[in-house]
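The values are calculated or read from the model by the stated rules, or taken from the named source; none is laboratory data. The structure displayed is predicted, hence computed values, not measured ones. Because the Cβ atoms are built from the backbone with ideal geometry, glycine has one as well, and the counts that use them run over all protein chains shown. Heavy atoms of the whole protein, side chains included, go into the accessibility calculation; ligands, DNA and RNA do not. Shrake-Rupley method; radii C 1.70, N 1.55, O 1.52, S 1.80 Å.
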Amino acid sequence: MFIQTEETPNPSTLKFTPGVPVMGSGTAAFAKIEDCTNSPLAKKLFASGKVRGVFLGSDFITVTKTDDITWEILKTEILAIIMDHYISGGEVYIKESSAKTECAVVDESEIVIKIKELLEERVRPAVAMDGGDIIFHKYVEGVVYLEMHGSCSGCPSSDVTLKNGVENMLKHFIPEIVRVEAIEN
């Protein structure tokens, strides 16, 4: 198995691409080991004690390291954990049963539908290339609230991306939007 690694705009985060599906569809973000009940792989990465964030994308894994270690030291260990996990046939993410995940149907306004479409078609693919994700949280009185995950969470350039990129694009297509705000995850 060959796992590619890529630097991301966030110097604390590396993107690992194992060449096989990670999540397939959807994403999952973990900020501490206690959050990893559905992901044996994320749990193993946190168990190293040198990881402060794991993000699982469709075909990639981003790992955010603690500040007290360099990637030169940690990268090999993370690669070994990921490779061993895949070779052993372990599950990356265990989806909850549909009975537990049923949600009430939300009546979405036309503006919310447009926001989600623009994010899905124009923003998420670009952000995923850098090992991250952007998730719609809510729209209230002209303000769009978004969550940044993976390499985007805590990235020095995420504010610029959010304001100069995402906000300007959404305002262009949806004049009712006044501003975009980040939600801390």
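For the reader, a short list of remarks on this structure follows.
- Unique residue being open to solvent by 10 Å² or more (accessible area, probe 1.4 Å) and either polar (S, T, N, Q) or under 20 Å from His149 (Cβ atoms) (or both) when the list is Asp68, Asp84, Asp59: Asp59
- If the condition is being β-branched (Val, Ile, Thr) and surrounded by 16 or more Cβ atoms within 10 Å (Cβ to Cβ), then the stretch 22-49 contributes Val22, Thr27, Ile33.
- The single residue among Lys15, Lys32 that is basic (Lys, Arg) and within 15 Å of Ala128 (Cβ to Cβ) turns out to be Lys15.
- Answer residue from the stretch 1-12, given it is of a type in the set (Val, Ile, Thr) and within 15 Å of Met129 (Cα to Cα) and is least open to solvent (accessible area, probe 1.4 Å) among those: Thr8
- Just so you know, in the stretch 166-185 the residues that are within 17 Å of Met148 (Cα to Cα) and outside any helix (DSSP H, G or I) include one that is most open to solvent (accessible area, probe 1.4 Å), and it is Glu184.
- Residue match in the stretch 143-165 (condition: modelled with pLDDT of 80 or more, open to solvent by 20 Å² or more (accessible area, probe 1.4 Å), in contact with a Phe, Trp or Tyr (Cβ under 6 Å, 6 or more places away or on another chain) and under 19 Å from Glu110 (Cα atoms)): no
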